[in-house]
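Enquirer: Dumping the structure here so I can ask a few things about it.
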Amino acid sequence: MTAPPPTTVSRHSAAKTVLFTALTISLVASVVVSAGTGQLAIPPQEVLGSLLHRVGIDWLPMPTHPTGDATLWAIRFPRVAMAALVGAGLAVAGLLMQAIFGNPLAEPGVIGVSSGAAVGAGLAIVFGLTLFGEWTTAVLAFAAGLSATLLVYGMSRAEGRTEVVTLVLTGIAVNAIAGAAIALLTFLGDTQSREQIVFWQLGSLAGSRWSQVLIVAPVVAVGLCAAYLAARKLDLLSLGERNARHLGVNVEVLRITMIFVVALLTGAAVAFAGIIAFVGLVIPHLMRMMLGPAHLPLVTASALGGALLLTLADLAARTMVPNADMPIGMLTALVGGPFFFWLLRRTRKRSGGWG
């Protein structure tokens, strides 16, 4: 096998550097603009001044409004941080799903984690459960999402192996059952409970707090580390299961581990932000189109891209309608739906579909 010409390698490295730089700068800019936007407008230099002041650097001015600094640290920064973390987690989860299924249409919802989490949250809302205090909805959502994933995985195993097609079909069945359960809970609940369930299903970052960020951040960090460690094996898996086994990859263990990581990332995101669709589908595929199939740079690019997309989507959710906070999941679906159709048409034209 001949190595690619040096000019091709250097051109690819330059493109990778440009993409990472552009994503990083765009993410920082979106964080600063998003934190400064709201009923109390704070200029970007004052937002940066507040951030730098916390680390002992007084280069830029502090917010001039008496409550500006308190607003940033109590309300704006936790929400922006949650948006970036949830976006990064969902995008990396989508990348891992596409890698283990070998299909660019795979996304975290396939294994039932989102619908399972919705059932857990619905139970807490409708029956007023308070087992874990203010964290009850989030805890039950995470536990139900993880349980749904384990159920899908367990039912798709046969003779010590996981059949991908059976796993997908089982996921569809579990999603359907979970959808019926959510409908039943919506029917049983009162008006307030129904509104909470519907709003939770549409996704929102309203009310994000530092205590929530401190729970989601370690989960996303663990998920990213697992994705980095598995990147080379995922590259080998993309050559086909048989080839990967011949090259020393334990495909079954890799698939189990990655499914658990996906459930962890998605469950943590859904537990605090509700169901946010299409981030795990759109971002990994876009990054793969720009970077190629190697998973090590794709993990970084997907995390940055997911964080950027959800930060911008949250900014739009807070500003598109005056004095209203739109569901963020609705906005990502409005972007992701047309992209999904475009992806289908593009693949059909190039190779006749996935056969």
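Enquirer: Among SER30, SER211, which comes first, second and so on when ranked by fewest other beta-carbon atoms within 10 Å?
Expert: SER211, SER30
Enquirer: Something else about it: Give me the percent relative contact order of the chain, please, defined on Cα pairs under 8 angstrom at least 6 residues apart.
Expert: 26
Enquirer: Now, a different point. Within 10 Å of each residue's Cβ, count the other Cβ atoms and sort LEU96, LEU304 from fewest upward.
Expert: Result, fewest neighbours first: LEU304, LEU96.
Enquirer: Go ahead and run the numbers for FRET between ARG11 and ARG157, Cβ-Cβ distance against an R0 of 35 Å, rounding to 0.05.
Expert: It comes to 0.20.
Enquirer: State to the nearest 20 debye the size of the charge dipole of the chain about its Cα centre, where the only charges are +1 on K and R beta carbons and -1 on D and E beta carbons.
Expert: 1140
Enquirer: Gain in length, ASN243 to GLU195, computed as 0.36 nm per residue apart minus the alpha-carbon separation, to one decimal in nm?
Expert: Fully extending the segment from ASN243 to GLU195 adds 12.2 nm.
Enquirer: Right, next: Loop-only check: which GluC sites (Glu not before Pro) in the range 133-184 are DSSP coil with at most 14 other Cβ within 10 angstrom?
Expert: Passing sites in the range 133-184 are GLU159, GLU163.
Enquirer: Follow-up. Once you place label points 7 Å from the Cα toward the Cβ at PHE339 and ALA221, how far apart are they in nm?
Expert: 2.8
Enquirer: In whole angstrom, and with the biggest value first, how far do the Cα coordinates of the chain range along each principal axis?
Expert: Per principal axis, max minus min of the Cα coordinates gives 65, 61, 37 Å.
Enquirer: Okay, next question. Whole-Hz Karplus ³J(HN,Hα) for the range 267-273, in order, using 6.51 cos²θ - 1.76 cosθ + 1.60 and θ = phi - 60°, x for Gly and Pro?
Expert: Karplus values, whole Hz, x for Gly and Pro: x, 5, 5, 5, 4, 10, 10.
Enquirer: For the range 24-351, with the dipole built from +1 on Lys and Arg beta-carbon atoms and -1 on Asp and Glu ones, taken about the Cα centre, which of LEU264, PRO104, PHE77 lies farthest toward the positive end?
Expert: So the residue we want is PRO104.
Enquirer: Multiplying the sequence separation of LEU129 and ASP58 by 0.36 nm and subtracting their Cα-Cα distance, what value in nm do you get?
Expert: Working: separation 71, 0.36 × 71 = 25.56 nm, distance 4.68 nm.
My answer for the length gained is 20.9 nm.
Enquirer: Summing +1 for each Lys or Arg and -1 for each Asp or Glu, what net charge is found among the other residues whose Cβ lies under 13 Å from the Cβ of GLY207?
Expert: Net charge in that neighbourhood comes out at +1.
Enquirer: With unit charges on the beta carbons (Lys and Arg positive, Asp and Glu negative) and the dipole taken about the Cα centre of the range 1-158, which residue among LEU48, HIS12, ALA29 sits farthest to the positive side?
Expert: Going by the Cα projections, it comes out as HIS12.
Enquirer: Provide the per-residue ³J(HN,Hα) series for the range 177-185, in order, calculated from phi with Karplus coefficients 6.51, -1.76, 1.60 and θ = phi - 60°, each as a whole number of Hz, with x at glycine and proline positions.
Expert: Couplings: 5, 5, x, 5, 5, 5, 4, 5, 5 Hz.
Enquirer: What do you get when you divide the Cα radius of gyration of the range 14-165 by 2.2 N^0.38 Å, with N the number of residues?
Expert: 1.43
Laboratory data are not the source of any read-out in this text; all were calculated from the coordinates shown. Predicted, not measured: the structure shown is a model, and the values here were computed from it. Positions of Cβ are backbone-derived with ideal geometry, glycine not excepted, and every protein chain shown enters the neighbour counts.
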